Ligand code: SF4
Ligand code: SF4
């Protein structure tokens, strides 16, 4: 088993393309914010033009189709085939499991690299309390159908104080389901999560000690089943090198209203560094997220300190006890 920190690189890009924000679910931690991201559905024509903006680097770009629920888009299969012709390095569809518009009959395992299912609990009770009634069963059925058609399937588990207790039940479940890659995410305090009533006895994000005690151990258990696991680093010691992906990587988070962010935790604010207008990508004037990427603070990520400082702690001299890593810094365990 090999563990490595996935280094940021300008030579490899990720394009997170939200083609609509409509969804059949209303998950309690959904990061979609229609006021900031729009409520429109992009036409196939527009999707093609917007993919074309990034096509010159397609060979080094991992493309992820997102929503909302991307399979609610009636032309998703055609968008996938267009992207395939443009030569994107990999194509993934992120889904909540409902797989609308018979998507599995319209794309083949050769058109996409991964179908990525979101599941936030090892049981119906925990998952459905977060993602809505019926969503656990929809994911189970969706994975079985996808596996029967030989699609490679991945899974995303967003860890919060509501579901970390079930993470250790995931190794057996993912093995039984035939999952190829497992992604652990940390809940971000944005979108619906930012509306949590702060007077309630919940923090949503888990403590450093619980994170460190649980995540690497479960990741190892899952990797022992032959499954590649990726999880965010989150906590760095004060001596570790801190890097902001906004400065040293090449990520684009595109929304249907034309906003393009480089940092996901800026997405609740009009801080996007680019905007697509008339099918061209235009840099935005200051102040935008790029101005924040340049700031250096002892706590690590500037945006983290601004919007979710609860995960920081200080010693009696007022110095931070740890840094918070860029939310895009990941550890990868390969079997
Ligand atoms: S499935 Fe995704 S887009 Fe839909 S409500 Fe849940 S988190 Fe939001
Ligand atoms: S999460 Fe923090 S460190 Fe990462 S890109 Fe955003 S501002 Fe930079």
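The values are calculated or read from the model by the stated rules, or taken from the named source; none is laboratory data. Predicted model, so just to flag it, every value in this text is computed and none were measured. Here the Cβ positions follow ideal geometry from the backbone for every residue, glycine too, while neighbour counts run over all protein chains shown.
Would you check if residue 88 is under 27 Å from residue 9 (Cβ atoms) and in contact with a helix residue (DSSP H, G or I) (Cβ under 9 Å, 6 or more places away or on another chain)? The answer is yes for residue 88.
Do we have any residue at all in region 296-308 that's within 16 Å of ligand 1 (Cβ to nearest atom), touching a residue at least 12 places away in the same chain (Cβ under 8 Å), surrounded by fewer than 19 Cβ atoms within 10 Å (Cβ to Cβ) and under 22 Å from residue 18 (Cβ atoms)? No, region 296-308 has no match at all. When the helices (runs of 4 or more DSSP H) confined to region 1-87 are screened for residues that are at pLDDT below 95 and more than 16 Å from ligand 1 (Cβ to nearest atom), none reaches at least 3 such residues. Checking each residue in region 202-213 for being free of Cβ contacts under 8 Å to residues at least 60 places away in the same chain and touching a helix residue (DSSP H, G or I) at 6+ places or on another chain (Cβ under 6 Å) picks out only 206. Restricting region 240-264 to residues that are more than 16 Å from ligand 1 (Cβ to nearest atom) and over 17 Å from residue 14 (Cβ atoms), the residue that is surrounded by the most Cβ atoms within 10 Å (Cβ to Cβ) is 258. Residues that are in a loop (DSSP other than H, G, I, E, B) and more than 30 Å from residue 168 (Cα to Cα) within region 242-254 comprise 243, 244, 249, listed in sequence order.
In region 262-293, the residue that is farthest from residue 328 (Cα to Cα) out of those that are within 16 Å of ligand 2 (Cβ to nearest atom) and free of Cβ contacts under 8 Å to residues at least 12 places away in the same chain is 286. Looking at region 6-30 only, could you name the residues that are within 26 Å of residue 204 (Cβ to Cβ), surrounded by fewer than 16 Cβ atoms within 10 Å (Cβ to Cβ) and more than 16 Å from ligand 2 (Cβ to nearest atom)? Across region 6-30, the qualifying residue is only 26. Only one entry of 329, 333, 292 meets the criterion of being surrounded by 17 or more Cβ atoms within 10 Å (Cβ to Cβ) and touching a strand residue (DSSP E or B) at 6+ places or on another chain (Cβ under 6 Å), and that entry is 333. Taken over region 276-335, the residue count meeting the criterion of being farther than 30 Å from residue 55 by Cβ, in a loop (DSSP other than H, G, I, E, B) and within 20 Å of the chain's Cα centre (by Cα) is 3. So, restricting to strands (runs of 3 or more DSSP E) that lie completely within region 117-232, which ones have at least 3 residues that are in contact with a strand residue (DSSP E or B) (Cβ under 7 Å, 6 or more places away or on another chain) and within 16 Å of ligand 1 (Cβ to nearest atom)? Qualifying strands (runs of 3 or more DSSP E): 153-159, 181-186. Of the residues in region 96-106, at least one is over 19 Å from residue 14 (Cβ atoms), away from ligand 1 (no atom under 16 Å from the Cβ) and either under 22 Å from the mean Cα position of the chain (by Cα) or crowded, with 18+ Cβ neighbours inside 10 Å (or both).
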